[in-house]
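S.K.: Below is one structure. I have some questions about it.
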Amino acid sequence: MNSKEFSELLSEHKKMNRTIKYTETLIDEQRQLQANAESRDDEKAYSNCILRLQVTNSRYKSENDDIESKLIKAFQEAKNGNQ
């Protein structure tokens, strides 16, 4: 992996981390709204939104794990190449 590819991968990893944190914030906000819902329908709507956000966030985390694996592999290859 060349330095440009590594840099792009690292940038994508940072972006994904920010996206995960933002999505977790949205989940927390939806939980607060759900707790203060004025009707059963509102509570159900917030619950559905939370579930969708959790599924999306799980996908983001999985993608980020793949990126981390690629970064670790690149580090190991660089280390072995320098020995």
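S.K.: Can you find a residue that is among the hydroxyl-bearing types (Ser, Thr, Tyr), modelled with pLDDT of 95 or more and surrounded by 14 or more Cβ atoms within 10 Å (Cβ to Cβ) anywhere in segment 62-83?
M.R.: no
S.K.: Let me ask something additional. Would you pick out the residues in segment 1-36 that are closer than 29 Å to residue 75 by Cα, of a type in the set (Lys, Arg) and at pLDDT 95 or above?
M.R.: 14, 15, 18, 21
S.K.: What residue, of 29, 38, 24, is loosely packed, with under 12 Cβ neighbours inside 10 Å and over 19 Å from residue 67 (Cα atoms)?
M.R.: After ruling out the rest, the residue left standing is 38.
S.K.: Find all pairs meeting these conditions: Cβ atoms under 7 angstrom apart; at least six residues apart or on different chains; first residue within segment 61-80 and closer than 12 Å to residue 20 by Cβ; second residue surrounded by 11 or more Cβ atoms within 10 Å (Cβ to Cβ) and of a type in the set (A, V, I, L, M, F, W, C).
M.R.: Sorted first by the residue in segment 61-80, then by its partner, the pairs are 61/20; 63/16; 64/16; 64/20; 67/9; 67/16.
S.K.: Of the numbered conditions (1) surrounded by fewer than 12 Cβ atoms within 10 Å (Cβ to Cβ); (2) part of a helix (DSSP H, G or I), residue 44 fails exactly one; give the number of that condition.
M.R.: (1)
The values are calculated or read from the model by the stated rules, or taken from the named source; none is laboratory data. Computed from a predicted model, the values in this text were never measured in an experiment. Cβ: placed from backbone, ideal geometry, glycine included. Neighbour counts: every protein chain shown.
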